[in-house]
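First comes the structure, then the notes that go with it.
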Amino acid sequence: MDMTLPVQTVRTTCPYCGVGCGVTATVRPGSIPIIAGDKQHSASQGRLCVKGAALGETLDLDGRLLYPTLRTDDGMRRASWDEALGRIAKGFADIIAAHGPDAVALYVSGQLLTEDYYVANKFMKGYVGSANIDTNSRLCMSSSVAGHKRAFGEDLVPGCYEDFELADLIVLVGSNTAWCHPTLFQRILRAKEARPSLRIVAIDPRRTATCELADIHLPIKPGTDVWLFNGLLSYLARQGTLDAAFVAAHTDGFEQALAAADVDCSDPAQVARTCRVDLGQLLAFYDAFAATSKVVTAYSQGVNQSSSGTDKVNAIINCHLATGRIGKPGMGPFSLTGQPNAMGGREVGGLANMLTAHMDLDNPVQRDAVKAFWNAPRIAAKPGLKAVDLFRAVEEGTVKAVWIIATNPLVSLPDADQVRRALDKCELVVVSDIVGATDTTVYADVLLPALGWGEKDGTVTNSERCISRQRAFLPAPGEARADWWALCEVARRMGFTGFDYEGAHEIFDEHAQLSGWRNGEGGAGLRVFDIAGMTGLGRQAYDALEPVQWPVPAGDHRGTRRLFADGRFAHASGRARFVATPPRLPVHAVDDDYPLSLNTGRLRDQWHTMTRTGKSPRLANHAPEPFIDLHPNDALLCGVREGELARVTSRWGAMVARVSHSGGIARGCVFVPIHWSGQTASDARVGAIVNPAVDPVSGEPEFKHTPVRVEPFVVEWQAFVLSRTALAVDRVANWTRVQGEGFVRYELGGRGPAHADWARDVLKVSGETDWIEYDDAGAGVYRAAHLVEGRLQACVFVARRGAALPPRQWLAGLFAQETLAPRDRATLLAGRAPQQGPDPGPTVCSCFGVGRNTICAAIRAQALTTTAQVTACLKAGGNCGSCVPEIGKLLVLMKSEETAGGR
Ligand SMILES: Nc1nc2c(c(=O)[nH]1)N[C@H]1C(S)=C(S)[C@@H](COP(=O)(O)OP(=O)(O)OC[C@H]3O[C@@H](n4cnc5c(=O)[nH]c(N)nc54)[C@H](O)[C@@H]3O)O[C@H]1N2
Ligand SMILES: Nc1nc2c(c(=O)[nH]1)N[C@H]1C(S)=C(S)[C@@H](COP(=O)(O)OP(=O)(O)OC[C@H]3O[C@@H](n4cnc5c(=O)[nH]c(N)nc54)[C@H](O)[C@@H]3O)O[C@H]1N2
Ligand code: SF4
Ligand SMILES: [Mo]
């Protein structure tokens with residue numbers, strides 16, 4: 001390594017959530033890049049959350065896919081790019097020739113860059129001639145897209161992040177902002193600190209970290225948001241707090257929407273009963289909304305992922321249109337996007353029912369315009385299959401080839417075992433990923449290595465329409481290539497012209513040109529998505545591109561913060577539309593067999609199926625195991641106990657995880673996180689039990705509600721293993737694993753003997769070795785450690801119940817020692833240091849590694865009352881701030897314990 005190479009700092013954008021924070025990566029030869037917040041980035045102003053801050057820990061090449069592989073009769077073998085691309089091109093061409101263009105499909109992702117996405121869409125819709133390209137955004141944003149199109153005439157987010165700071169009331173609906181959009185949440189908190197009159201309302205069935213800092217929390221019954229917002233519209237109308245002039249001048253359909261709302265929702269008491277919320281709290285929210293003009297209503301998956309998701313979106317937008325609270329500073333409906341490029345994918349038309357550049361498949365003039373611009377041989381004439389239907393068609397055999405790029409559908413689709421059956425049967429499965437082993441790559445016939453974050457180059461668009469560069473700062477590993485490149489190479493091999501790009505900048509240029517192309521023709525009005533002002537950048541200007549919010553029409557290079565300021569919308573009439581939203585319950589109701597409602601969602605420190613965040617030991621500590629969170633009374637009824645394993649079963653499948661009581665779950669509800677896959681647990685893929693019901697308009701799945709039952713998962717013993725090397729544990733009844741600092745941690749639940757032979761077998765130890773053990777068969781306790789030349793190689797602890805196992809922290813720390821200190825060796829099998837301080841408990845602050853018990857002890861001992869005091873005392877919360885809401889929660893908890901104790 002040449003140590004004289006200069007230290008280089010590259011400005012780029014975080015690859016995780018839709019906030020789209022600016023990141024600086026400082027690259028030094030021979031050491032891992034140093035990641036920091038980019039103070040110059042308008043979206044984040046230097047802030048990063050804990051996931052962004054840990055990006056440096058995810059960049060090593062362990063587990064990376066480095067060259068193409070092909071399936072043969074004897075399994076997968078390495079292949080050249082040429083051979084792999086040739087096989088895809090021939091496979092696609094043969095199937096199209098025999099069965100037509102709709103027999104092939106692409107399934108892509110909001111984690112692609114706009115340039116990759118653009119090429120994928122052009123390839124399918126313009127050259128293959130089928131709209132069978134859908135994306136995981138179907139699972140994420142499609143209800144918002146459909147809601148925007150119905151209300152505004154185009155998929156448009158009116159506001160910007162600054163509106164959160166300018167608002168006097170922020171309503172967070174179905175959004176765990178504190179964990180899923182953390183730096184934006186911190187912006188909200190700072191605004192509230194500066195201006196305590198800013199009120200926050202959280203609407204979520206769970207009491208999440210976000211709710212802790214809300215003035216009002218409405219723990220709504222899952223799926224009933226439309227009642228709540230119809231009720232609000234009706235209430236506003238009765239109170240006379242509508243903006244009649246705005247409604248008259250700029251909207252259509254108000255009367256019908258109000259009439260529909262009045263049918264079931266005109267009586268707040270009735271609404272409160274239906275939504276299962278306190279009437280007083282409901283009215284407090286309604287009054288706050290009525291009395292405040294600067295209101296931002298931000299929403300996310302509690303709204304979108306529902307069989308009435310599109311109606312939920314429109315019920316919210318209706319309230320903003322009725323009060324004219326849109327397009328002005330500090331107000332508006334605000335769809336928070338999930339993935340880093342959810343927006344970019346929508347701009348290029350990545351969904352099966354969209355064309356490109358916000359044009360429509362069912363508009364013949366626009367279809368012709370795109371075909372002409374692309375100089376394409378054909379153009380898709382009808383919408384393609386939406387994600388859930390797409391994989392059904394694969395199983396039925398009507399779709400015979402599928403190319404999956406940057407998504408993991410075997411984990412993330414509902415009824416995920418159906419996806420497994422589909423891929424198992426499919427003639428040609430191509431998967432492009434950065435990781436070799438995922439639940440989906442296992443089914444690939446052709447596996448292509450993609451460039452990952454830090455290696456790839458292009459643009460992403462965040463929740464506030466801000467286009468921002470992701471820049472490469474690392475060399476391409478192995479033979480990995482950009483996704484757009486692989487798509488272009490296949491297109492060329494299929495004989496398609498129009499795929500000769502020198503680099504991402506040329507693709508972006510074409511995309512920008514198309515956005516302005518024949519804009520205004522086709523009887524649909526001017527398309528607001530117009531970035532013609534960004535054409536002709538050339539490589540240099542593209543590389544230097546600063547974040548900018550679209551639209552950026554020709555002649556303008558500063559972009560647009562807010563839309564609709566002039567009251568003009570994108571329907572041909574120029575007016576916005578109210579949508580009548582008669583409320584309806586989720587498709588599948590709970591019943592005696594499946595009495596509980598399963599809700600699924602995210603944890604603070606993991607990203608989706610963990611292929612990247614799972615590499616960081618620091619991130620793993622926050623929630624090292626999958627869990628089933630439910631109310632203690634329901635647990636009692638189900639016969640399950642906190643800390644023990646339980647099985648959750650639905651009509652679609654079953655899974656196993658540990659029972660937990662966070663205190664935030666209402667009776668009748670269960671929450672399970674989405675992050676575990678077949679790579680990280682034997683049986684905790686929640687997608688396998690989620691019902692495949694979808695919203696009739698958007699096709700978005702009902703991820704937030706599935707009827708389930710919970711019962712004990714009986715094991716005879718529980719154990720954990722910490723091992724420097726990965727182990728084969730698949731014969732144990734239940735296992736989960738996470739990455740530690742220098743070791744892998746397994747949590748096991750099993751049946752049958754678990755003593756010396758078993759332990760040596762699991763740890764792959766044979767013959768004479770440095771092996772120390774403790775066996776108390778009567779008590780069901782077994783403990784052993786394996787040392788190699790004085791260095792701890794692995795240890796295993798077995799007990800009848802999980803609660804009888806020692807905490808993992810102290811043992812984990814021993815893996816940092818090159819040679820185990822004699823006193824540590826002496827107490828190794830006790831699982832604790834000789835004079836050990838108290839167990840710090842599960843990590844709350846990942847930046848400084850501060851545990852829950854430590855924080856509680858400090859609060860108690862020093863009578864701390866504010867999060868700032870806790871930070872001053874322990875540092876916890878003082879860096880990225882992601883854990884501040886949880887510290888707040890602990891303060892509340894301790895206070896209530898104190899009050900209870902004082903009684
Ligand atoms: N840490 C982390 N952050 C992420 C991600 C991640 O994987 N990890 N993923 C990113 C992506 S792609 C996305 S889409 C976003 C998602 O961001 P969010 O939507 O904030 O996250 P979720 O946890 O999916 O769900 C949000 C909340 O909806 C609530 N909910 C469930 N049912 C209902 C209902 O009927 N009504 C209402 N009002 N609420 C309900 C749930 O209890 C949950 O707290 O997060 C992004 N950010
Ligand atoms: N039960 C339940 N299921 C859900 C949800 C839920 O709330 N509940 N939420 C849904 C939502 S909102 C979303 S967004 C999805 C997310 O679900 P997925 O998209 O399936 O999850 P990821 O783990 O993000 O998958 C991304 C894959 O792309 C790979 N990858 C990363 N970068 C690149 C790249 O540059 N190129 C290529 N080719 N590959 C790359 C990663 O290694 C990983 O395998 O899950 C959905 N599923
Ligand atoms: S909030 Fe966190 S995950 Fe989201 S973009 Fe910013 S640093 Fe990345
Ligand atoms: Mo998402």
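The values are calculated or read from the model by the stated rules, or taken from the named source; none is laboratory data. These numbers come from a predicted model, not from an experiment. Cβ atoms come from the backbone with ideal geometry, glycine included; neighbour counts cover every protein chain shown. Note: areas computed on protein heavy atoms with side chains; ligands, DNA, RNA excluded. Shrake-Rupley method; radii C 1.70, N 1.55, O 1.52, S 1.80 Å.
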Percent antiparallel among DSSP beta bridges (both partners in the chain, rounded to 5): 65 percent
Across LYS122/LYS328; LYS90/LYS122; LYS149/LYS382; LYS149/LYS889; LYS875/LYS895, pairs whose alpha-carbon gap is larger than 27 Å: LYS122/LYS328; LYS149/LYS889
Karplus (6.51, -1.76, 1.60) ³J(HN,Hα), θ = phi - 60°, over the stretch 814-819, in Hz, Gly and Pro reported as x: 5, 6, 7, 7, 6, 10
Convex hull (Cα only) mean projected area of the stretch 818-900, reported in nm² to one decimal: 7.1 nm²
Percent of beta bridges antiparallel (DSSP, the stretch 429-501, rounded to nearest 5): 45 percent
DSSP loop GluC sites (Glu not before Pro) with at most 10 other Cβ within 10 Å: longest gap in the chain: 1-501
Probe 1.4 Å, protein heavy atoms only - accessible area per residue of the stretch 440-590 in square angstrom: 39 Å²
Calculated on alpha-carbon atoms, Rg and Dmax of the stretch 141-280 in Å: 16.3, 42
Range of Cα positions in the stretch 505-563 per principal axis (Å), largest first: 37, 25, 15
Leading residue at positive end of dipole, the chain (Cβ point charges), from VAL399, GLY20, GLY478: GLY20
For the stretch 273-415, convex hull volume per residue from C-alpha positions, Å³: 186 Å³
Cβ crowding within 10 Å averaged over residues, with 259-271, 66-78 ranked highest first: 259-271, 66-78
Amide proton proximity set for ILE665, modelled H, under 5 Å, gap of 5+: ARG207
Where labels lie 7 Å past Cα in the beta-carbon direction, separation of ASP278 and ASP215 in nm: 1.6 nm
Over the chain, equivalent-ellipsoid semi-axes from the Cα gyration tensor in Å: 43, 35, 27
Solvent-accessible ranking of PHE254, PHE152, largest area first, probe 1.4 Å: PHE254, PHE152
Accessible surface of the chain, 1.4 Å probe, proportion on carbon and sulfur as whole %: 52 percent
The stretch 199-212 - phi-based ³J(HN,Hα) in whole Hz, Karplus 6.51/-1.76/1.60, Gly and Pro as x: 9, 10, 10, 10, 10, 7, x, 9, 8, 8, 4, 4, 5, 4
Accessible heavy-atom area order of ASP757, ASP168, highest first, probe of 1.4 Å: ASP757, ASP168
Most to least packed among 331-338, 645-652, 864-871 [average Cβ atoms within 10 Å]: 331-338, 645-652, 864-871
Residue among ALA352, PRO409, ASN318 farthest towards the positive dipole end of the stretch 315-440, charges placed on Cβ: ASN318
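What is the diffusion coefficient of the stretch 594-722 in µm²/s, taking the Kirkwood radius over Cα pairs and the Stokes-Einstein relation at 37 °C with a viscosity of 0.692 mPa s?
Details: Rh = 15.2 Å.
D = 216 µm²/s.
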Residue (of GLY46, THR581, LEU70) at the positive-pole extreme of the chain, dipole from beta-carbon charges: GLY46
Computed [θ] at 222 nm, helices only, for the chain once each DSSP H run of length n ≥ 4 contributes -39500 (n - 2.57): -9000 deg cm²/dmol
Segment ASN633-ASP776, length gained on full extension (0.36 nm per residue, minus Cα span): 48.0 nm
37 °C / 0.692 mPa s Stokes-Einstein diffusion coefficient of the stretch 365-490, Kirkwood radius on C-alpha pairs, µm²/s: 195 µm²/s
Separation of the ARG667 and SER197 label points, Cα + 7 Å toward Cβ, nm: 4.1 nm
Student exercise, the stretch 244-284 dipole from Lys, Arg, Asp, Glu Cβ charges, in Debye to nearest 20: 180 debye
In order through the stretch 276-285: 3J(HN,Hα) via Karplus (6.51 cos²θ - 1.76 cosθ + 1.60), integer Hz, x for Gly, Pro: 6, 10, 5, 4, x, 5, 4, 5, 4, 5
Length-normalised contact order for the chain - Cα pairs under 8 Å, 6+ apart - percent: 14 percent
